[in-house]
Amino acid sequence: MRASSLPEVLKVRVLALGDQRISREGVVVIKAQEHRSLPLNRDAAVQRLLELLEQAAHIPATRRATRPTRSSVRQRLESKALQAKTKALRGKVRGGARNDAMD
């Protein structure tokens, strides 16, 4: 990989992929044995190499932080208040009529 004619940026990105087909020395090993003929296997290996390079060349779009809408904040807070109210009612019952009759 280091001695290839690929652009330096792409080489770094390919080595950073952490793919199991790339050795520590930077050698790309692609096996192709699904066909009975050597030319077809060679074409399949080249195709897989191209897919690996395309995967490395893809730069994901950077995420831009956005603020939640006022309506979504209001809905979230209302939902939280409703949950808190429901959970508050789950506590143990204290001082019921049964406890008074036992005394």
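Here the chain yields Rg over Rh of 1.53, to two decimals, using C-alpha coordinates and the Kirkwood radius. In the calculated pair-distance distribution of the stretch 8-57, the portion above 12 angstrom amounts to 64 percent of the Cα-Cα pairs.
With contacts taken as Cα pairs under 8 Å at a separation of at least 6 residues, the stretch 8-57 carries a relative contact order of 41 percent. Each residue of the stretch 21-32 is assigned a 3J(HN,Hα), and the resulting list reads 7, 10, 7, 4, 7, x, 8, 8, 10, 10, 8, 9 Hz, derived from the Karplus form 6.51 cos²θ - 1.76 cosθ + 1.60 (θ = phi - 60°), x at Gly and Pro. Counted residue by residue at 0.36 nm each, then reduced by the alpha carbon distance between them, the extension gain from Leu77 to Gln47 reaches 5.6 nm. Helix 38-57 and the long axis of the chain differ in direction by around 50°, with both axes built from C-alpha atoms. Efficiency by 1/(1 + (r/R0)^6): what FRET value for Glu8 and Gln55, r their Cβ-Cβ distance, R0 = 22 Å, to the nearest 0.05? The calculated FRET efficiency here is 0.80. With the simple spin-label model, which puts each label point 7 Å out from Cα in the Cβ direction, the Thr66 to Ala88 separation comes to 3.4 nm.
Only the coordinates and a few stated rules stand behind these numbers; no lab work does. Source: prediction; values computed, not measured. Please note: Cβ atoms are built from the backbone with ideal geometry, for glycine as well, and neighbour counts cover all protein chains shown.
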